[in-house]
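Reading through the structure tokens given below for one structure.
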Amino acid sequence: MDAIKKIFRKYVVDALSFMALGLFCSLILGLIVGQLAKIECLSFLDFIAQALAADSPLVGACIGFAIVLGMGYAPLVTISSAIVGALGYKYGGPVGAYFAVIVASKLGSLVSKRTPVDIILTPLVTIVAGGLIARYCCSPINDFMLYLGELINRATALSPFLMGIVVSVLVGCALTLPISSVALCVMLGIDGLAAGAATVGCCAQMVGFAVIS
């Protein structure tokens, strides 16, 4: 039982929490900078917003690096995971980056510091394994997650009141858990009314936190 808890904490709780940090430092920051760049006197910031756009591999690289940094692997595995994250993001979006990095970093850690050619072997195993996983496994997983997100979006559009309550409560509850609600919403592709309901849930939960504290 303790072993299961450790695995869950490392690969789900810690990984998703640090994935959220990677998203904040890339995609979300890019959206903020993009809005600032619409102001005439700040238009020179537009190149940064473009570099951190939703389709940029830099987002995946940042996710990959953040996840493995949070799991505490060796430096060569951590650095190599930035490339794996970019490949996973290219073929499978945020879910692809998460899945490819989790598997590749584990495989890389198995050979890390085990041979005299560690500086070559560790990145080679991590990047090649992660690249193959990203190319052939991540797209179906991402499609399934987006399908679930689309169901939520459609259900919320069809029944805004009831589904709005459900989405708000679930996302609000996710804020009280160690996992990241931001990472989950990005993985599912929540948008439109559902994204608005999720925002309301977050705001209500934060007000609740402030009141009880």
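The values are calculated or read from the model by the stated rules, or taken from the named source; none is laboratory data. The model shown is predicted, which means the values in this text are computed figures rather than measured ones. Note: ideal-geometry Cβ built from the backbone for every residue, glycine included; neighbour counts use all protein chains shown. Heavy atoms of the whole protein, side chains included, go into the accessibility calculation; ligands, DNA and RNA do not. Shrake-Rupley method; radii C 1.70, N 1.55, O 1.52, S 1.80 Å.
Could you say whether any residue in the stretch 64-79 is within 22 Å of Val182 (Cα to Cα), open to solvent by 40 Å² or more (accessible area, probe 1.4 Å) and in a helix (DSSP H, G or I)? Yes; the residues of the stretch 64-79 include at least one that is within 22 Å of Val182 (Cα to Cα), open to solvent by 40 Å² or more (accessible area, probe 1.4 Å) and in a helix (DSSP H, G or I). If you go through the stretch 116-140 and keep only what is touching a residue at least 12 places away in the same chain (Cβ under 8 Å), out of contact with any Gly (no Cβ under 6 Å at 6 or more places or on another chain) and either under 15 Å from Ile67 (Cβ atoms) or of a type in the set (A, V, I, L, M, F, W, C) (or both), you end up with Ile119, Ile127, Ala129, Gly130, Ile133, Cys137. Pairs linking a residue in the stretch 14-26 that is farther than 13 Å from Val95 by Cβ to a residue that is assigned to a helix (DSSP H, G or I) and among the β-branched types (Val, Ile, Thr), with Cβ atoms under 7 Å and 6 or more positions apart or on different chains, are Phe18/Ile67; Ala20/Val182; Gly22/Ile63; Gly22/Ile67; Ser26/Val59.
Of the residues that make up the stretch 145-155, is at least one of a type in the set (Lys, Arg), modelled with pLDDT of 85 or more, surrounded by fewer than 19 Cβ atoms within 10 Å (Cβ to Cβ) and farther than 24 Å from Phe8 by Cβ? Checked the stretch 145-155: no residue is of a type in the set (Lys, Arg), modelled with pLDDT of 85 or more, surrounded by fewer than 19 Cβ atoms within 10 Å (Cβ to Cβ) and farther than 24 Å from Phe8 by Cβ.
So, of the residues in the stretch 175-206 that are surrounded by fewer than 21 Cβ atoms within 10 Å (Cβ to Cβ), small (Gly, Ala, Ser) and touching a Ser or Thr at 6+ places or on another chain (Cβ under 8 Å), which turns out to be modelled with the highest pLDDT? Among those residues, the one meeting the criterion is Ala204. Among the residues of the stretch 130-138, are any at pLDDT below 85, in a helix (DSSP H, G or I) and surrounded by fewer than 19 Cβ atoms within 10 Å (Cβ to Cβ)? Taking every residue of the stretch 130-138 in turn, none turns out to be at pLDDT below 85, in a helix (DSSP H, G or I) and surrounded by fewer than 19 Cβ atoms within 10 Å (Cβ to Cβ). Considering only residues in the stretch 82-115 that are in contact (Cβ under 8 Å) with a residue 24 or more places away in the chain and among the polar types (S, T, N, Q), the one that is farthest from Ala54 (Cα to Cα) turns out to be Ser112.
The set of residues in the stretch 83-93 that are of a type outside the set (Gly, Ala, Ser) and open to solvent by less than 20 Å² (accessible area, probe 1.4 Å) contains only Val84.
A quick yes/no check of all residues on (1) modelled with pLDDT of 90 or more; (2) part of a helix (DSSP H, G or I); (3) open to solvent by less than 50 Å² (accessible area, probe 1.4 Å):
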site: Lys10; (1), (2), (3): no, yes, no
site: Ala15; (1), (2), (3): no, yes, yes
site: Ala53; (1), (2), (3): no, no, yes
site: Cys62; (1), (2), (3): yes, yes, yes
site: Ser81; (1), (2), (3): yes, yes, yes
